[in-house]
């Protein structure tokens with residue numbers, strides 16, 4: 001069975017500092033992997049996705065994630081945090097092409113200190 | 001292009017009342033999902049439709065919850081009677097399943113339900 005584990009329910013960084021949000025997955029087949037962002041009082045929106053092409057995936061707002069099969073990880077990074085990055089971030093895995101098989105992680109709340 | 005549209009954005013009701021949440025998926029998408037989000041349980045899939053047909057409703061909490069999709073551009077989630085523990089944000093999401101699609105979801109902005 002596939003699952004997603006996000007390490008750290010809350011991460012706080014200073015403005016301008018590196019952002020690192022961790023995600024590990026388990027899947028018996030090569031997965032599709034996603035990061036979604038949820039700003040306050042809004043729905044989730046796709047930040048980036050891995051679909052077995054390049055292992056380093058670039059997303060919106062300067063975020064990127066690297067698929068590491070050996071570590072079963074898909075960590076999200078951004079070199080320099082901005083106040084507007086404060087949000088909840090969800091990692092998700094999809095074993096197939098049907099969205100019904102998407103499994104979401106429990107989310108990581110990112111806070112940015114001035 | 002219009003995204004997934006949900007209404008109402010906010011609903012406050014009293015215990016025992018009927019609540020109806022509405023969703024218009026993205027045109028051309030063939031799958032629609034209802035999720036519930038709470039602090040305690042996170043994001044839970046309630047029900048999933050494909051081509052207007054309910055495929056998996058195993059996440060629906062109990063018989064008080066029902067969902068319909070009468071056509072490709074409209075779905076409802078109904079709670080009758082509502083209870084305080086139903087208070088949550090309910091999200092509708094749509095997707096296109098088929099071909100080389102990777103199964104990503106497109107979410108609406110949610111309906112925040114408070115049952116007093």
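The values are calculated or read from the model by the stated rules, or taken from the named source; none is laboratory data. Since this is a predicted model, take the numbers as computed values, not measurements. Positions of Cβ are backbone-derived with ideal geometry, glycine not excepted, and every protein chain shown enters the neighbour counts.
Within region B:68-103, restricting attention to residues that are touching a helix residue (DSSP H, G or I) at 6+ places or on another chain (Cβ under 7 Å) and facing chain A (nearest Cβ under 10 Å), which residue is modelled with the lowest pLDDT? I'd like the intermediate steps shown before the answer.
Going residue by residue through region B:68-103, those that are touching a helix residue (DSSP H, G or I) at 6+ places or on another chain (Cβ under 7 Å) are B:79, B:95, B:97, B:103.
Filter again for facing chain A (nearest Cβ under 10 Å), leaving B:95, B:97, B:103.
Details: B:95: 91, B:97: 77, B:103: 73.
Per the stated criteria, the residue is B:103.
Inspect region A:44-59 for any residue being under 29 Å from residue B:48 (Cβ atoms), out of contact with any helix residue (DSSP H, G or I) (no Cβ under 9 Å at 6 or more places or on another chain) and more than 11 Å from chain B (Cβ to nearest Cβ) and give the result as yes or no. First the steps, then the outcome.
So in region A:44-59, the residues under 29 Å from residue B:48 (Cβ atoms) come out as A:44-53, A:57, A:59.
Now restrict to residues that are out of contact with any helix residue (DSSP H, G or I) (no Cβ under 9 Å at 6 or more places or on another chain): A:44, A:49-53, A:57, A:59.
Those still in the list that are more than 11 Å from chain B (Cβ to nearest Cβ) too: A:57, A:59.
For region A:44-59, residues under 29 Å from residue B:48 (Cβ atoms), out of contact with any helix residue (DSSP H, G or I) (no Cβ under 9 Å at 6 or more places or on another chain) and more than 11 Å from chain B (Cβ to nearest Cβ): present.
Return only the number of the condition from (1) touching a residue at least 40 places away in the same chain (Cβ under 8 Å); (2) in contact with a helix residue (DSSP H, G or I) (Cβ under 9 Å, 6 or more places away or on another chain); (3) surrounded by fewer than 19 Cβ atoms within 10 Å (Cβ to Cβ) that residue A:85 does not satisfy.
(3)
Looking at region B:54-66, can you tell me whether even one residue there is closer than 26 Å to residue A:88 by Cβ, more than 14 Å from chain A (Cβ to nearest Cβ) and surrounded by 15 or more Cβ atoms within 10 Å (Cβ to Cβ)? Steps first, answer last, please.
First, pick out the residues of region B:54-66 that are closer than 26 Å to residue A:88 by Cβ: B:56, B:58-61, B:65.
Those left that are additionally more than 14 Å from chain A (Cβ to nearest Cβ): B:60-61, B:65.
Going one step further and asking which of them are surrounded by 15 or more Cβ atoms within 10 Å (Cβ to Cβ), we end up with B:60, B:65.
Yes; the residues of region B:54-66 include at least one that is closer than 26 Å to residue A:88 by Cβ, more than 14 Å from chain A (Cβ to nearest Cβ) and surrounded by 15 or more Cβ atoms within 10 Å (Cβ to Cβ).
Anything in region A:38-64 that is farther than 26 Å from residue B:33 by Cα and surrounded by 16 or more Cβ atoms within 10 Å (Cβ to Cβ)? List them, or say none.
Answer for region A:38-64, where residues must be farther than 26 Å from residue B:33 by Cα and surrounded by 16 or more Cβ atoms within 10 Å (Cβ to Cβ): A:57, A:63, A:64.
Scanning for something within 9 Å of another protein chain (Cβ to nearest Cβ) and either surrounded by 15 or more Cβ atoms within 10 Å (Cβ to Cβ) or not in a strand (DSSP E or B) (or both), does region A:5-21 turn up at least one residue?
no
Could you tell me whether region B:42-52 includes any residue that is in contact (Cβ under 8 Å) with a residue 24 or more places away in the chain, more than 14 Å from chain A (Cβ to nearest Cβ), more than 21 Å from residue A:36 (Cα to Cα) and within 15 Å of the chain's Cα centre (by Cα)?
no
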